[in-house]
1. Filter region 85-108 down to the residues that are among the charged types (D, E, K, R), modelled with pLDDT of 85 or more and in a helix (DSSP H, G or I) and list them by number.
2. How many residues does region 26-45 hold that are charged (D, E, K, R) and in a loop (DSSP other than H, G, I, E, B)?
3. Would you point out which residue out of 84, 65, 22 is more than 20 Å from residue 3 (Cβ to Cβ) and polar (S, T, N, Q)?
4. What tally of residues in region 7-25 results from selecting those that are under 21 Å from the mean Cα position of the chain (by Cα), at pLDDT 90 or above and assigned to a loop (DSSP other than H, G, I, E, B)?
5. Identify the single condition in (1) surrounded by 12 or more Cβ atoms within 10 Å (Cβ to Cβ); (2) not in a loop (DSSP other than H, G, I, E, B) that residue 64 does not satisfy, given that it satisfies every other one.
6. Within region 58-80, can one find any residue that is in contact with a strand residue (DSSP E or B) (Cβ under 9 Å, 6 or more places away or on another chain) and within 22 Å of residue 43 (Cα to Cα)?
7. Is there a residue being in contact with a Ser or Thr (Cβ under 9 Å, 6 or more places away or on another chain), in a loop (DSSP other than H, G, I, E, B) and free of Cβ contacts under 8 Å to residues at least 60 places away in the same chain anywhere in region 71-84?
8. Sort out which residues of region 1-39 are over 17 Å from residue 85 (Cα atoms) and aromatic (Phe, Trp, Tyr), and write them in order of number.
Amino acid sequence: MEFKVLKTFICKISKKYFTKGSFYKTDDSNRAKFLQENGYVEPIKENSDELPVDLGKTVEELSKSITEEFDKETLKLILAAEESGRNRSTLIVHIESLLKGDEDESSKA
């Protein structure tokens, strides 16, 4: 399970420092529940039923699978999900370039 950090904390298990806005991974459901209940983290919804891609993958994997073959509305959905989730700038630029390319192609018709 992966979570977005809402409040800075030091993990008592790993002793790692997690800042607000970073990401925390754990397979321990009790630990995840404790951190959520105390407002430290919130779950990241990786796989929306509306999305044709798994945003839990790496930027490299997603950049290869998100192509101009997706229609504009689907690209916008993927972009919105990424911006509200991990907000990875490289992936956002990639999707925006596909959207811009789609607009450029439609102006040639």
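The values are calculated or read from the model by the stated rules, or taken from the named source; none is laboratory data. This structure is a prediction, so every number in the text was calculated from the model and none was measured. Note that each Cβ is placed from the backbone with ideal geometry, even for glycine, and that neighbours are counted across all protein chains shown.
1. Result: 96, 100.
2. Of the residues in region 26-45, 3 are charged (D, E, K, R) and in a loop (DSSP other than H, G, I, E, B).
3. 65
4. 4
5. Against the list (1) surrounded by 12 or more Cβ atoms within 10 Å (Cβ to Cβ); (2) not in a loop (DSSP other than H, G, I, E, B), residue 64 comes up short only on (1).
6. no
7. no
8. 9, 17, 34, listed by residue number.
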